[in-house]
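Encoded as structure tokens, the structure appears first; notes follow it.
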Ligand code: SF4
Ligand code: SF4
């Protein structure tokens, strides 16, 4: 009788689980296929680190992350126990009285205790502490699930205290098993579905941060216009969000008081999918204004513990808007510059030629030169950034590096790609690839981190592979024999070390993962580095990326991202701010001017060259 009753509860719980899961599976399967499993070794390594070892969960919030990890590891340890109890309850096979099961049960005691501690900590955090990232409303669902988990652990531990074969033992068993079945029925419709889905989404997440596959115009792809266009990975992501708010609190736009909230983007996607609003325009699901507030800094994707990719949704939706002529006005002007003059400022080509001549740069010849220096739009036309490039040339010449430049360069296409103008990006990219191939270039050095990402990763999607490194990486290696000045700076009587703060550009620190080389260069020349809030591979954006360099700053809602970042840099108390990206430099100097501050800004190459000059 008891077995029959258990079968009844089991079938009901399973049916509820399967019905909800199959509804979601159908939604995911109906989307255009965007799953890929290339670069397996990288994916397996990340799976081990982020799923099994819970690296990303623990990294940003060590205490809460560790408690979550205890719950996760405990759940994994209980898988065999739960299976055996189900087999027993269903009357299929009784392994509960075997010696090995008894040993296994005893081994689970520390796991159960750890889960209990972890879940109580998380429950208090959600219900009482309520950090802003978790939302202002107390989630009843989260509390119910936490109480379920606590009950499971308590009923398990009670099995060691109650006498076997008694009514109390049977009642305890029933509570334990019915809670599991209720849990099963509840999780697909809750954020706890990530227990099932996150191993998949972490594995399926692209190895490339901010991966934006090329559109195939021959197949009439134009980007994401309606909910129907969302690919299978974006749909799966929407059902996996655990609502932790890591993406939200790390988003510079949200941090500066704008409407964009990457967590809301994912939850709005989930609502639209579950609500069957497939014909709704994505601009209406998220609001068009919000879509244009993203700087493409990559913080959301990089911090997400369950492998959710925000940028394919945000930029994909921008592509859809651009294809319908719905880009903001400031982008229209930039696109015109790119179309007419192949650079973002629409300046005459003679200005680049003048710079090339005055800096005595040779046209690249593979027989004579080791590397190609890619100037980029800023290097070709921005007088301020050209000073930095002159410093780079001076360092390279002092070390006998043979380098040249292309006779002609177009913009690499980053501002077009990241604002959703894929057609223009492909025109620029294909022209540049043709020229780079014709010139026989094997290695490129550039001072623009956006060029590193676009030429290195986006051009590779056309089958063009070239080694491209940021000047900080190249020069750090070049000067590796320069003795560290730190020791001499610490000798009595020497001048105290200069206090410097380094602003990691998003496309260097986060996208390229190059955070040691700029610091190594600074410390080698005696700088005392004061780290700002948000540094290294999780910097706070300067606000220029994703085409926002061109946005009308007066019309921006909230604060300016660059102002927020400038204050963070100022708070270090350092006398000098060092940057390593032309766009960071423009934005932060603008913030400095509006703050009326006298902080000194220096580009990394100018800083290094300035220290080398007296030794020459
Ligand atoms: S890429 Fe950066 S700006 Fe855009 S949503 Fe993510 S965190 Fe926010
Ligand atoms: S998208 Fe990722 S980081 Fe953002 S709330 Fe969801 S799970 Fe957390």
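Quarter the surface of the alpha carbon convex hull of the range 287-439 and you get the mean projected area, 11.3 square nanometres.
Spread over its residues, the convex hull of the C-alpha atoms of the range 157-313 is 153 Å³ per residue. Protection proxy ranking, highest mean first, for peptides 436-445, 5-14: 436-445, 5-14, where packing is the per-residue count of other beta-carbon atoms within 10 Å, averaged. Contact order, relative form, for the chain: 12 percent (alpha carbon pairs under 8 Å, 6 or more residues apart, mean separation divided by residue count). As I understand it, the value is the acute angle between the Cα axis of helix 167-186 and the longest principal axis of the Cα atoms of the chain; what does it come to in degrees, rounded to 10? That works out to roughly 40 degrees. Mean separation of Cα pairs under 8 Å and 6 or more residues apart, divided by the residue count, gives the range 359-479 a relative contact order of 29 percent. Sorted into 20 angstrom bins from 0, the C-alpha pair distances of the chain split as 18, 45, 27, 10, 1 percent. Estimated from helical segments only, the mean residue ellipticity of the chain at 222 nm is -16500 deg cm²/dmol, where each DSSP H run of four or more residues counts as -39500 (n - 2.57). Listed peptides 194-207, 37-50 appear in the order 194-207, 37-50 once ranked by packing, highest mean of other Cβ atoms within 10 Å at the front. Take every Cα pair under 8 Å whose residues are at least 6 apart in sequence, average their separation, divide by the length of the range 177-258, and the relative contact order is 41 percent. What's the angle, to the nearest 10 degrees (0 to 90), between helix 422-439's Cα axis and the longest principal axis of the chain? Result, in degrees: 60. Highest-first packing order for the peptide set 219-231, 270-282 is 219-231, 270-282, based on the mean count of other beta carbon atoms within 10 Å.
Looking at the chain alone, DSSP beta bridges between its own residues are antiparallel in about 5 percent of cases. Compute the angle between helix 194-204 and the longest alpha-carbon principal axis of the chain, please, reported from 0 to 90 degrees and rounded to the nearest 10. That works out to roughly 30 degrees.
Any read-out appearing in this document is the output of simple, stated calculations on the displayed coordinates, not a laboratory observation. It should be emphasised that the depicted structure is a prediction, and the values quoted were computed from it without experimental measurement. Cβ atoms come from the backbone with ideal geometry, glycine included; neighbour counts cover every protein chain shown.
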